[in-house]
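Notes follow once the structure below has been shown.
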Amino acid sequence: MRAASLACALLLVSPAAAGTCRTWGAAEPFGALDTKRVNEASGLDVSARFRDRLYHNNDSGDGLRFYVSGLKGEATRAVDVEGPDPRDIEELSLGPCGAKTCLYLGDIGDNPGKRDGVVFTLVVEKKTFKDKVKPLRAVRARYPDGPHNAEAFALHPNGDLFLVTKPVDARMTKPGPALVYRLTAAQLRDGRDVQTFAKVGEIDLPTIMAEFPFPGSIATALDISADGKRALLLTYVAALVLDFDLAEGLDGPHQIVRLDTMPQQEAAAWLPDGSGFLYDTELTRNAKGARIDRVLCKAP
């Protein structure tokens, strides 16, 4: 297992020495969610193909759909996807699907830890979406070691999918390391058979994020940079930038990025050029406004 080496590597490397950005700037207001539509934001991604476009999803209970908006959250519209209602969509991610780019909707939430498996629904990214679209396929998957709860996954440029777990506990009071699982690009091409994740290792978030209250060690979102060389892991309190390629293992430096913490922050995404990232909040129901904040690298 690579877990012990990851914890040691992350704890021994200081943020200033940890890779591609020496200094992160403070979070700043960038845009706003349309809370009449995106009223429980749980997923976020930024299109690299179409400028000025964000993708969003709501948490469980919203059906099989996603939302498209401008880069600052304006002009938001819903896009329904054909298929059975999901149990708990928690995250979305853009990534390769053959020669095309797809939006992956992740039905991966499982607070009680009782699900037999999870489902990823793939929708080909297009310049214009109809009000209702057909998915490219749905990929069913299970863990090799029993049920897990998760809110964080992302597609690597090589086509593989990485997923990071959170505690199996409705109130999230049981601390523990975040487990990392992987589905290969080949597995994601199979919409017929149930695929089995491979366990990559674990990230000891309670130790790494020990300076923060307990929610700071719960992974709520994951994104991988366009070049695959960095990953962004959001928690309820801060962000953790992993300055290494997840496809090559879990050894490497990190940086903790302090944020202007939002209540129930569960969505984050790299900007396509890697200059920074966006994040937002799930607690938007009945709110008059909900920020989308931006964090930029100040000293590469």
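Tabulated results
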item: Per DSSP, loop trypsin sites (Lys or Arg not before Pro) in the range 119-213 with at most 11 further Cβ within 10 Å; result: LYS127, LYS130, ARG171, ARG192
item: Test item: Cα-centred dipole of the range 187-252, Lys/Arg +1 and Asp/Glu -1 on Cβ, debye; result: 240
item: J(HN,Hα) series, the range 37-48, from Karplus relation 6.51 cos²θ - 1.76 cosθ + 1.60, nearest Hz, glycine and proline x; result: 10, 8, 9, 7, 4, 10, x, 8, 8, 10, 6, 8
item: Per-residue ³J(HN,Hα) for the range 57-62, Karplus 6.51 cos²θ - 1.76 cosθ + 1.60, θ = phi - 60°, Hz, x for Gly and Pro; result: 9, 8, 6, 4, x, 9
item: Nearest-20 debye value, the range 222-300 charge dipole, Cβ charges on Lys, Arg, Asp, Glu; result: 440
item: Furthest towards positive pole of dipole, ALA78, GLY252, PHE277, structure part the chain, Cβ charges; result: ALA78
item: Sulfur and carbon atoms: percent of accessible area, the range 196-280 [1.4 Å]; result: 50
item: Debye log10 I(q)/I(0) for the range 74-172, one point scatterer per Cα, at q = 0.12, 0.14, 0.24 Å⁻¹; result: -0.42, -0.56, -1.31
item: Dipole-positive endmost among ILE203, THR173, PRO147 within the range 107-256 (Cβ charges, Cα centre); result: PRO147
item: Calculated diffusion of the range 235-280, Stokes-Einstein form, Kirkwood radius summed over Cα pairs, 37 °C and 0.692 mPa s, µm²/s; result: 277
item: Kirkwood estimate for the range 132-218, i.e. one over the average of 1/r between Cα atoms, Å; result: 14.4
item: Per-residue SASA entry for PHE197, accessible area with 1.4 Å probe, Å² rounded to 10; result: 10
item: J(HN,Hα) series, the range 269-282, from Karplus relation 6.51 cos²θ - 1.76 cosθ + 1.60, nearest Hz, glycine and proline x; result: 7, 5, 6, x, 8, x, 6, x, 8, 10, 8, 8, 10, 7
item: Area of SER60 that stays accessible when all protein chains are in place (1.4 Å probe, Å², to 10); result: 50
item: Portion, in percent, of the accessible area of the range 40-187 that falls on carbon or sulfur, probe 1.4 Å; result: 48
item: Probe 1.4 Å, protein heavy atoms only - accessible area per residue of the chain in square angstrom; result: 42
item: Sum of -39500 (n - 2.57) over DSSP H runs of 4+, divided by residues of the chain (222 nm, nearest 500); result: -1500 deg cm²/dmol
item: Listed residue pairs exceeding 30 Å between alpha carbons, taken from LYS72/LYS132; LYS174/LYS298; LYS199/LYS298; LYS100/LYS130; result: LYS174/LYS298; LYS199/LYS298
item: Cα-centre dipole for the range 13-82 with unit charges at Cβ (Lys and Arg positive, Asp and Glu negative), debye to 20; result: 300
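The values are calculated or read from the model by the stated rules, or taken from the named source; none is laboratory data. Predicted model only: the values in this text are computed from it and were never measured. All Cβ positions, even for glycine, are placed from backbone atoms using ideal geometry, and neighbour counts span all protein chains on display. Note: accessible area is taken over every heavy atom of the protein model, side chains too, but ligands, DNA and RNA are not part of it. Shrake-Rupley method; radii C 1.70, N 1.55, O 1.52, S 1.80 Å.
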